[in-house]
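*Asks:* Dropping the structure in here first, questions after.
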Amino acid sequence: MPIITQSSSAAVVIDDAKCIAEKGCTVCVDVCPLDILAIDEGRKKAFMKYDECWYCMPCEADCPTGAVKVNIPYLLR
Amino acid sequence: MTDATTETIEADILVIGGGTGGPMAAIKAKEANPSLKVVLMEKANVKRSGAISMGMDGLNNAVVPGYATPEQYVKEITVANDGIVHQKAVMAYATGSFPMIQYLDRLGVKFEKDGSGEYNMRKVHHMGTYVLPMPEGHNVKKVLYRQLRRLQVAVTNRYMATRLLKAADGRIAGAIGVNTRTSEFLVVRAKAVILACGAAGRLGLPASGYMFGTYENAANCGDGYAMAYHAGAELANLECYQINPLIKDYNGPSCAYVTGPFGGYTANNKGQRFIECDYWSGQMMLEFWRELQSGAGPVFLKMDHLAEETISEIEQILHTNERPSRGRFHEKRGNDYRKRPVEMHISEIGFCSGHSASGVWVDENARTTIPGLYAAGDMASVPHNYMLGAFVNGGIAGADAASYCADLDLPAFDEGDLLAEQERVLAPTRRADGLTPHEMEFKTRRLVNDYLEPPKVTAKMEIAQRRFAEIRDDLSALCARDPHELHRALEMQSILDCADMAAAASLYRTESRWGFYHLRVDHPETNDEDWYCHTMLFKDAAGRMSHRKREVAPYVVPVEAEEMAAYHQLRVKAPQAAE
Ligand SMILES: Cc1cc2nc3c(=O)[nH]c(=O)nc-3n(C[C@H](O)[C@H](O)[C@H](O)COP(=O)(O)OP(=O)(O)OC[C@H]3O[C@@H](n4cnc5c(N)ncnc54)[C@H](O)[C@@H]3O)c2cc1C
Ligand code: SF4
Ligand code: SF4
């Protein structure tokens, strides 16, 4: 069976203006226990790549610039 | 033939799982013998992995002199588990409890103390006083990490262990790991292996439908149980599920252990108390379920009668520590503890000895039934372990493994086993299309809800087994297009293994026990004559899921028959009006 792609809203939001991934920061990506964040290679900014969040918040707590905001995923909000 | 990139390293001790019990196992092994090479393999990042990723609100089961003796604790846990406990292991925990608190205190973990520097203990359990709050408990992972560095434990992050390796003589010989970002293999040869992979928290499907909205850290999907099973270890009492009273939809603790000592309590829709004690047990969950069935639900955690200072203190603890997103959830809902009680519900099922009594069988030295293989924390069979249990039993495993290693050569493993595992792991990457890990996981977990949740019905559990077998056939179509999807595809297979184990274990024990956890409609009575025993599940020589009974070893702390019934009288006699 061919595989299709479906979309959903990203509960974890990164403020591009504050994110310093272009300077080499990967803290939020490193700490996420579910490994769902990544750095966008083109924009050099962190983003939520997979909708698999445990809303535990190390990404937000450890970000050096306060760029990450964890919202409760819509299905359980 | 595989195209796998494989690196092999050698160690004395391999610890799998860098959450709570795993780091302590590595630390205590190194403290016992600093010359040992200890490798800690973690599928996430040890800095922020596991149940205590953000910290913890308190110790739920601290045995502190002046408040309780180890004997009293052993008795309470025996009673809370309907007598089916290996008391020696509970005693080993109980006597190790206070020294571990002092050790953690020295390392810099903050516990609540009174003016004179004594620990500020609180009563939540039915009988004794065992809760030690940690309002500043957010630095636990940092403290552990510092100690791992200091002792030079070798940490490999982002490697998911998939199978254990054994030597021809049956000893443990190491494990195979897969990098979750590159799919490269890492083979760790070791003389002893300590499993500390946490609970099986992605077994049932949360009512919200959000697969990762679990009570447990969602990385804990049952890999430890699956690995132990496939290696031939025995698993105990898996039918004693973990089912928790949680904040509805948020699916995290509310938390009655924190609020109870301040005067908060569980109430029905009339604001009335209906259970004597908020300590999580199967009997408590049964009363919770009955209240919902009777139409007196929803059930709430009630705090709106408390004073403002008390509520701000509760908020401070609950919204900044172990689950800080709780505050964010309540805010969106307009929930204010001052005005409205918090709606609770019954969680989906899982395996976890932290809160029940199931897991990979271990004795009082944390040894499994395989020589050289240890287990600790939520996945090992010591009941009601919680965080301190993971630390103490992890420490016991580490120290025992250190002496086990002393005069042992590195065991050899069968190269064929490695090749077979690499084939199994990579199979989903060899297909261009097919079924996705997400949909196969979703379906497995949806069927767990439909057919395995208590009250357990024989006919339903048999249907579950047939449906799980169909899903097993569908694995030949499972497709992973990148390393992340492969990671999920492997996790999905652990979940399916656990689902099969949950069904088989529940069918084997033909009685009801542990309140709601093993409530069998076709066998409603507790039958001590035939079932006052542990049930052991294991893979037999022919590869079939098999069972046997294991006698409950003679108690080290005797329990009188009338004391044994204490947890059966949890329902409030005549409902009290809200005060
Ligand atoms: C929300 C919540 C609140 C709690 N509150 C309290 C409390 O207030 N007080 C208390 O005493 N206890 C509490 N507990 C229980 C306590 O946190 C746990 O019992 C304890 O932390 C379990 O430790 P562990 O080492 O077994 O598992 P964890 O700490 O969860 O560690 C398991 C680790 O194994 C890793 N892992 C899993 N599979 C693999 C694999 N295949 N390969 C490599 N690594 C793997 C995971 O990533 C994880 O890091 C709470 C638990 C939860 C979930
Ligand atoms: S931690 Fe913060 S600054 Fe660093 S990559 Fe993530 S969002 Fe950007
Ligand atoms: S909240 Fe937790 S799971 Fe979600 S992105 Fe942040 S670290 Fe990852």
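*Asks:* Quick check: pseudo-label points 7 Å beyond the Cα along Cα→Cβ at B:R181 and B:E7, how many nm apart are they?
*Replies:* Taking the simple label geometry, B:R181 and B:E7 are separated by 1.3 nm.
*Asks:* Residue-wise, which Karplus ³J(HN,Hα) couplings in Hz belong to the stretch B:112-124, taking 6.51 cos²θ - 1.76 cosθ + 1.60, θ = phi - 60°, and x for glycine or proline?
*Replies:* Those phi angles translate into 6, 10, 8, x, 9, x, 8, 5, 8, 7, 10, 9, 10 Hz.
*Asks:* Subtract the Cα-Cα distance of B:D336 and B:S208 from 0.36 nm times their separation in residues, and report this length gain in nm to one decimal.
*Replies:* This chain segment gains 43.9 nm when fully extended.
*Asks:* For B:E71, B:E511, B:E234, B:E315, what's the largest-to-smallest order of accessible area, 1.4 Å probe?
*Replies:* Heavy-atom accessible area, descending, gives B:E71, B:E315, B:E234, B:E511.
*Asks:* Nearest-5 percent of antiparallel DSSP beta bridges in the stretch B:10-155? Present the calculation step by step, with values, prior to reporting the outcome.
*Replies:* Values: 4 of 10 bridges.
Of those bridges, close to 40 percent are antiparallel.
*Asks:* Is there a simple number for the mean count of other chain Cβ atoms within 10 Å of the Cβ of residues in A:33-39, and what is it?
*Replies:* Taking all residues of A:33-39 together, the mean is 6.
*Asks:* Let me ask something else. Between B:L40 and residues 5 or more places away or on another chain, which pairs have amide H atoms under 5 Å apart, with H built 1.01 Å from N, and which residues are they?
*Replies:* HN-HN under 5 Å from B:L40: B:V15, B:A154, B:V155, B:T156.
*Asks:* So how compact is chain B: Cα radius of gyration and Dmax in angstrom?
*Replies:* 22.7, 71
*Asks:* Report, to the nearest 10°, how far helix B:308-318 tilts away from the longest principal axis of the Cα atoms in chain B, using its own Cα long axis and a range of 0 to 90°.
*Replies:* 10
*Asks:* Amide H neighbours of B:C221 under 5 Å, counting only residues 5+ apart in sequence or on other chains, H built in-plane at 1.01 Å?
*Replies:* Here B:G201 satisfy the definition.
*Asks:* Say the dipole of chain B comes from +1 at the beta carbon of Lys and Arg and -1 at that of Asp and Glu; which of B:T69, B:L14, B:A51 then lies farthest toward its positive end?
*Replies:* My answer, from the dipole projection, is B:A51.
*Asks:* Considering Cα pairs under 8 angstrom that are at least six residues apart, work out the relative contact order of chain B and quote it in whole percent.
*Replies:* Contact order relative to length: 21 percent.
*Asks:* Rounded to the nearest 0.05, what FRET efficiency do B:T458 and B:H305 have when you use their Cβ-Cβ distance and R0 = 56 Å?
*Replies:* Working: r = 44 Å, r/R0 = 0.79.
For B:T458 and B:H305, the calculated efficiency is 0.80.
*Asks:* To test your reading of the geometry: what angle, between 0 and 90 degrees and rounded to tens, separates the Cα axis of helix B:70-80 from the longest principal axis of chain B?
*Replies:* Tilt relative to chain B: about 90 degrees.
*Asks:* Sticking with this one: Please compute, for peptide A:53-64, the average count of beta-carbon atoms on other protein chains lying within 10 Å of each residue's beta-carbon.
*Replies:* Partner Cβ neighbours, averaged per residue: 6.
*Asks:* Taking 0.36 nm per intervening residue step and subtracting the Cα-Cα distance, what contour gain separates B:E525 from B:R550 on full extension? All intermediate terms of the calculation are to be shown ahead of the outcome.
*Replies:* Numbers: separation 25, 0.36 × 25 = 9.00 nm, distance 2.04 nm.
Full extension from B:E525 to B:R550 adds 7.0 nm.
*Asks:* Which value, in debye to the nearest 20, gives the size of the charge dipole of the protein assembly as shown about its Cα centre, when Lys and Arg are +1 and Asp and Glu are -1 at the Cβ?
*Replies:* 1120
*Asks:* How much of the DSSP beta bridge set in the protein assembly as shown is antiparallel, as a percent to the nearest 5? Walk me through the numbers on the way to the answer.
*Replies:* On the way: 51 of 74 bridges.
That works out to approximately 70 percent antiparallel.
*Asks:* Could you please state, rounded to a whole Å, how far the C-alpha centre of the stretch B:21-82 is from the C-alpha centre of the stretch B:204-243?
*Replies:* 19
*Asks:* At a threshold of 8 angstrom on Cα-Cα distance, excluding pairs fewer than six apart, so keeping six or more, what relative contact order does the stretch B:245-346 reach in percent?
*Replies:* The value is 36 percent.
*Asks:* Rank B:Q465, B:T436, B:H518 by how far each Cα sits towards the positive end of the charge dipole of the stretch B:425-551 (+1 on Lys, Arg Cβ; -1 on Asp, Glu Cβ) and give me just the farthest.
*Replies:* Going by the charge dipole, the pick is B:T436.
*Asks:* Ordered by residue, what ³J(HN,Hα) values in Hz, to whole numbers, does the stretch B:215-223 give under the Karplus form 6.51 cos²θ - 1.76 cosθ + 1.60, where θ = phi - 60° and Gly and Pro are x?
*Replies:* With the stated coefficients, the stretch B:215-223 comes to 5, 6, 3, 5, 5, 8, 10, x, 4 Hz.
*Asks:* Here's a follow-up. Once the dipole of the protein assembly as shown is set up with Lys and Arg at +1 and Asp and Glu at -1 on Cβ about the Cα centre, which of B:W280, B:N217, B:Y374 lies farthest towards its positive end?
*Replies:* Working it through, the farthest residue towards the positive pole turns out to be B:N217.
*Asks:* How many angstrom lie between the Cα centre of the stretch B:447-463 and the Cα centre of the stretch B:127-193?
*Replies:* Value for the Cα centre distance between the two parts: 34 Å.
*Asks:* I've got another one for you. Please report the relative contact order for the stretch B:287-430, taking Cα pairs under 8 Å with a sequence separation of at least 6, and give it as a percent rounded to a whole number. Please report the intermediate quantities before stating the final value.
*Replies:* Values: 153 pairs, mean separation 23.2, N = 144.
So the answer I get is 16 percent.
*Asks:* Treating the beta-carbon of each Lys and Arg as +1 and of each Asp and Glu as -1, no other charges, what is the dipole magnitude of the stretch B:425-551 about its Cα centre, to the nearest 20 debye?
*Replies:* Here the size comes out at about 220 debye.
*Asks:* Nearest 20 debye, what's the magnitude of the dipole of chain A about its Cα centre given +1 on Lys and Arg Cβ and -1 on Asp and Glu Cβ?
*Replies:* About 200 debye.
*Asks:* Between the helical axis of B:386-405 and the dominant principal axis of chain B, each derived from Cα atoms, what acute angle in degrees is found, rounded to the nearest 10?
*Replies:* Helix B:386-405 sits at roughly 30 degrees to that axis.
The values are calculated or read from the model by the stated rules, or taken from the named source; none is laboratory data. Fair warning: this is a prediction, and the values are worked out from it, not measured in the lab. Cβ atoms come from the backbone with ideal geometry, glycine included; neighbour counts cover every protein chain shown. What goes into the accessible areas is simple: the full protein's heavy atoms, side chains included, and nothing from ligands, DNA or RNA. Shrake-Rupley method; radii C 1.70, N 1.55, O 1.52, S 1.80 Å.
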